[in-house]
Amino acid sequence: MQRYAELTVMTVAVLLTLAGAACSGETPDDTGFTTNGTGDGDGDGDGDGDGDGDGDGDATTAGTSGDGDGDGDGDGDGDGDGDGDGDGDGDGDGDGDGDGDVQYDANAIDADLNTKRVIVSKQDFGQNICTQLTLRDQENAGPLMITTPAGWSVETARVLEGVDSCSNPGAFQIAGAASGAITWPGVSNFGFPCLLDIDVELLFEQPSPWIPASVTMSVSDLAVAGCKP
C-alpha cells in the first residue's frame, strides 16, 4: 500500500511537469526535464548555450568563457560596438569620435626670444590630406576669426595634399575663412600652452580637386610637444 502511494505521488509530479512545459511552450527531453527547443539546454532561447539571451555567446556566469556584459557584441566593454575600447564609436582608438583614420599633433616653435608659435597638424589618412593651423603669441596675427586666449591668435591655416605633407610640405591651399575656438588652461613658464582644446572649421576655395570645401579640427586635451613646462 505504501509503495503504491509513493508511485502515485511520482506519477502526479511527472504529470505536473509535463503540464507546465505545455503551458510555457517548452518541450520535455527523454530525461523528463524541459528545454527551450534550441538544443543547448541554457533556457535563454538563442541557441548559443550561454544563458544570457543576446546571442553573442559571451556567457554571464563567472568562470565561463566570453565577456559576460550581455550587450550582444561579445567584446566585454558593454558599449555594443564590438571594438573593446568602451567608447561606443567602433573605430577602436578609444576617443569616441568614430574617426579612426585621423591623427593630431601639436608642436611648440620658439623662433626667437620674442616670437612663439604652436603648429597643430591633422593627418586625415582617409582623404590623404594634412591640415595645419598655426597659433602665434600675438593679437590679430592673422585674418581668421577663431577665438583664442588673450595674447594669442591664429596666424594662418592651410590644407596640404598628402598626409606626409605635415612634415614634408607640398601643394597647399590657405583657408579663406574659419570659425570656432581654441582654448587651454594656461601656459608654461616659457609662455607656451601645453594642452589644447580645439573645435574649429576651416573653409577653402577649391581650385584643385583634392582640396576639400571645409575641414573640421576637433580634439580635446591635445598635448603640445616642446611646450617646456
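Of note:
- Checking PRO229 against (1) closer than 16 Å to VAL118 by Cβ; (2) surrounded by 14 or more Cβ atoms within 10 Å (Cβ to Cβ), the condition it does not meet: (2)
- Considering the stretch 110-175, the qualifying strands (runs of 3 or more DSSP E), each wholly inside and each with 3 or more residues that are on the phi < 0 side of the Ramachandran plot and among the hydrophobic types (A, V, I, L, M, F, W, C), run over 115-124, 129-136, 153-161.
- For the stretch 161-197, taking the residues that are under 19 Å from PHE125 (Cβ atoms) and hydrophobic (A, V, I, L, M, F, W, C), the one that is farthest from the chain's Cα centre (by Cα) is identified as ALA171.
- Selection from the stretch 193-229 of residues that are among the aromatic types (Phe, Trp, Tyr) and either touching a helix residue (DSSP H, G or I) at 6+ places or on another chain (Cβ under 6 Å) or closer than 21 Å to LEU144 by Cα (or both): PHE204
- Residue within the stretch 110-126 that is of a type in the set (Asp, Glu), modelled with pLDDT of 95 or more and in the same structural domain as SER188 (by TED's automatic domain parsing) present: yes
- Among the residues of the stretch 184-199, those identified as in contact (Cβ under 8 Å) with a residue 12 or more places away in the chain and farther than 18 Å from ILE109 by Cα are ASP197, ILE198, ASP199.
The values are calculated or read from the model by the stated rules, or taken from the named source; none is laboratory data. These numbers were taken from a predicted model, which means no experiment stands behind them. Quick reminder, even Gly has a Cβ in these numbers, built from the backbone with ideal geometry, and neighbours come from all protein chains shown.
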